[in-house]
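Read-outs: derived from the displayed coordinates by stated rules, not from any lab. Predicted, not measured: the structure shown is a model, and the values here were computed from it. Neighbour counts are summed over all protein chains in view; Cβ atoms, including those assigned to glycine, are modelled from backbone coordinates with ideal geometry.
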Amino acid sequence: MNPPLPANTTERISPATAGRVGRRDFLGTLGLGSLGAAWAGSALWSGRGADLREQARPWEPVSDRKVRVGIVGYGVCRFGADFGFQDHPNVEIVAVSDLFPDRRAGLMKACRCDRSYESLELLVKDPKIEAVFVATDAPSHARHCIEVLKHGKHVMCAVPATWGSIEEGEELLATVRATGLKYMMAETSCYHASCHAMRTIYRAGGFGKLVYSEGEYYHYTTEPIASYRNWRVGGPPLWYPTHSTAFYVGVTGQRFTSVSCLGFRGTRPQHQPGGNAYGNPFADEIALFETTEGGVSRMLMSGSVARHVEETGRVFGERGRMAGMQYWGEMEEQLPDISRPPLPPGVPAGGHGGSHGPLMNEFITAILQDRSPLVDIYESLAMTIPGIVAHTSALKAGERLKIPQYDRTANASK
Ligand SMILES: NC(=O)c1ccc[n+]([C@@H]2O[C@H](COP(=O)([O-])OP(=O)(O)OC[C@H]3O[C@@H](n4cnc5c(N)ncnc54)[C@H](O)[C@@H]3O)[C@@H](O)[C@H]2O)c1
């Protein structure tokens, strides 16, 4: 008879092997019987784990006030209308904008709004508007958000916070600090069911310190996606890091301190010399980060893996680990409720794993409750800037580089 295994554990022998050789026989064959008994109390702790499920809960309003919102950007992703602002009972859409008249008209229709402006720069002058959703091209994000904040309005922005420019990120931070207004980055991974569950379990102590984590964003396309002024063509992969880095920063609230990154040289025309505006040869970048917990994170952005489009992550801690919606570890019997916050009736959860609705609801609720939103400026920069440094490392054949830190309680320090 095999030695008893602890409750909730299974033998770590692949089904194929188990079918052919029993565990004791298998260990005996290797001459490892006694070592095997010792393993039963340690290394064979590979439990069945807990399948996590979300529970439906009713939404409770926090206020009956309506936040007066402006929305900018209706490009290839139609992002301006995709987060459900127009369906939230605490929102009035005052006006929308896009530079192109047909897109402007499309956004007005999608948001059921009868006022529009020809540009963000005009929209921010509307005194009625108190918050703006910036869904413009990534290279304009920091500049557009600064413009919104300087006009005394809260801002939620599509990712990333800044496109390849640490200086613009720091200017954005300085503006948020100076104005005291709310800034939130709409990082969709942060409200993926698995990432939200990881964050909830991390906060409840179910992982302890993270020894290792992985965040992966794969986006294969046969042709570059047409975007405003072609900003996506040949873009450095980890200048767009946040879908991945959310699986560490958005879980723990901890930081990356240094990075070494390597890239896969793209074989498409846009990655050949002169093929893009960034001097970037890489279609894929894989970065290894050092973390403030003393652990390691592997974060990647990949465009070359055939037909693969996915945003995913895994975490491995001293007390437990998690992949997808499966948890293994010391807290299997006492897991907290990992359900995402409920949405008002009529607000769709939306795209990217049902994350759009929760992001928009978090921003609006933070304004109503006058508190920091989940992905505030500090978390946004901590998810964005490490990717910019990672790309620089890749250009230097993986040289390990330090990552600037932005302390909530002090001025920016490097
Ligand atoms: N999962 C995600 O979080 C996710 C997915 C897709 C896109 N995004 C982000 O959403 C944003 C929008 O993506 P897209 O593909 O629609 O971009 P896009 O480049 O196709 O469109 C940008 C739009 O912004 C408008 N614009 C630019 N400057 C403006 C100004 N001053 N005033 C008014 N309008 C202006 C342009 O006219 C254009 O229509 C991007 O930043 C992208 O990174 C995030």
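Here are the numbers:
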| quantity | calculated |
| --- | --- |
| When the convex hull of its Cα atoms is projected in every direction, mean area for the range 356-409 (nm²) | 4.9 nm² |
| D_trans [Stokes-Einstein, Kirkwood Rh over alpha-carbon pairs] for the range 119-252, 10 °C, 1.306 mPa s, µm² s⁻¹ | 96 µm²/s |
| Net charge over other residues, Cβ less than 13 angstrom from the Cβ of residue 343 (K, R count +1; D, E count -1) | -2 |
| By average C-beta atoms within 10 angstrom, highest first, the peptides 274-282, 289-297 | 289-297, 274-282 |
| Residue 258 long-range amide H proximity, modeled H, under 5 Å | 290, 403 |
| Cleavage-rule hits, trypsin sites (Lys or Arg not before Pro), the range 315-409, DSSP coil, Cβ neighbours within 10 Å at most 16 | 319, 371, 396, 400, 408 |
| Which of 249, 124 has the fewest Cβ neighbours within 10 Å, and the rest in rising order | 124, 249 |
| Estimated [θ] at 222 nm from DSSP helical runs (n ≥ 4, -39500 (n - 2.57)) normalised by residues in the chain, nearest 500 | -8000 deg cm²/dmol |
| Footprinting exposure proxy for 399, 187 (fewest neighbouring C-beta atoms within 10 Å first) | 399, 187 |
| Relative exposure of 189, 380, 227, judged by other C-beta atoms within 10 Å (fewest first) | 227, 189, 380 |
| Bridge type composition, the chain - antiparallel percent by DSSP, nearest 5 | 60 percent |
| Kirkwood Rh, angstrom, the chain [1 / mean 1/r, Cα pairs] | 22.9 Å |
| 11 Å beta-carbon shell around residue 242, net charge (K/R +1, D/E -1) | -3 |
| Charge dipole magnitude, Cβ of K and R +1, D and E -1 - the chain, Cα centre, debye nearest 20 | 280 debye |
| Sum of side-chain charges, residue 90 neighbourhood, beta-carbon under 10 Å (Lys, Arg +1; Asp, Glu -1) | 0 |
| The range 56-185, Cα convex hull volume normalised per residue, Å³ | 122 Å³ |
| Cα-only radius of gyration and Dmax that characterise the range 152-229, units Å | 16.8, 46 |
| Square roots of 5 times each gyration tensor eigenvalue, C-alpha, the range 118-183, largest first, Å | 18, 14, 9 |
